[in-house]
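To keep things clear, I will list the structure first and then write my remarks on it.
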Amino acid sequence: MIFYIIAVTINCIAILLVIGNAVYDAFTLEYSTGHNDMANLAGFALAAIVGLSWYLRNHDQQLIANILVGVPAVPLFLTGLMLLLLVVLKPDWK
């Protein structure tokens, strides 16, 4: 149960970051270049995965739901951890 909540939280943080990126692009770009379209599509796919896992969890498929949200959550967590370590260990950016 706790693994599911942690994985969904990590995925929802990533979804919020993708939404923020899309809103920022919508308000700041004068001409759309299409460079962030794949990132926005990945955010939509991540939202679909979280929704599908929620549906499976409510229909007594807990193991499949845990695997479904855990697969994208692990690389997202590791990427965030590496970014945090980069910021902490190299604060001068020279």
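Quick look at the numbers
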read-out	value
Difference of contour (0.36 nm per residue) and Cα-Cα distance, His59 to Asn40	3.9 nm
GNM flexibility winner over the chain from Leu41, Leu17, Leu83 (Cα, springs under 10 Å)	Leu83
Most mobile of Asn40, Asn58, Asn66 in a GNM of the chain (Cα contacts under 10 Å)	Asn58
Gyration tensor verdict on the chain (Cα atoms; rounded if a/c is under 1.5, prolate if a/b is larger than b/c, oblate otherwise)	oblate
Average accessible area per residue (Å²) across the chain - probe 1.4 Å, nucleic acids and ligands excluded	76 Å²
Length-normalised contact order for region 1-92 - Cα pairs under 8 Å, 6+ apart - percent	40 percent
3J(HN,Hα) from dihedral phi, region 80-88, Karplus parametrisation 6.51/-1.76/1.60, rounded to Hz, x for glycine, proline	x, 5, 5, 5, 5, 5, 5, 5, 6
Val88/Tyr24 FRET efficiency (R0 35 Å; Cβ-Cβ; nearest 0.05)	0.90
Size of charge dipole - the chain - debye, nearest 20, with Cβ of Lys, Arg +1 and Asp, Glu -1, no other charges	280 debye
From phi via Karplus (6.51, -1.76, 1.60), per-residue ³J(HN,Hα) for region 16-30 in Hz, x at Gly/Pro	5, 5, 5, 5, x, 5, 5, 5, 4, 5, 5, 8, 10, 7, 6
Gain in span if fully extended, Cys12 to Tyr31, counting 0.36 nm per residue against the direct Cα distance	4.0 nm
In the chain, the chymotrypsin sites (Phe, Trp or Tyr not before Pro) that fall in loop regions by DSSP, at most 13 other Cβ within 10 Å	Tyr31, Trp93
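The values are calculated or read from the model by the stated rules, or taken from the named source; none is laboratory data. Bear in mind the structure is a predicted one, so any value in this text is a computation, not a measurement. Please note: Cβ atoms are built from the backbone with ideal geometry, for glycine as well, and neighbour counts cover all protein chains shown. With ligands, DNA and RNA removed, areas are computed over all heavy atoms of the protein, side chains included. Shrake-Rupley method; radii C 1.70, N 1.55, O 1.52, S 1.80 Å.
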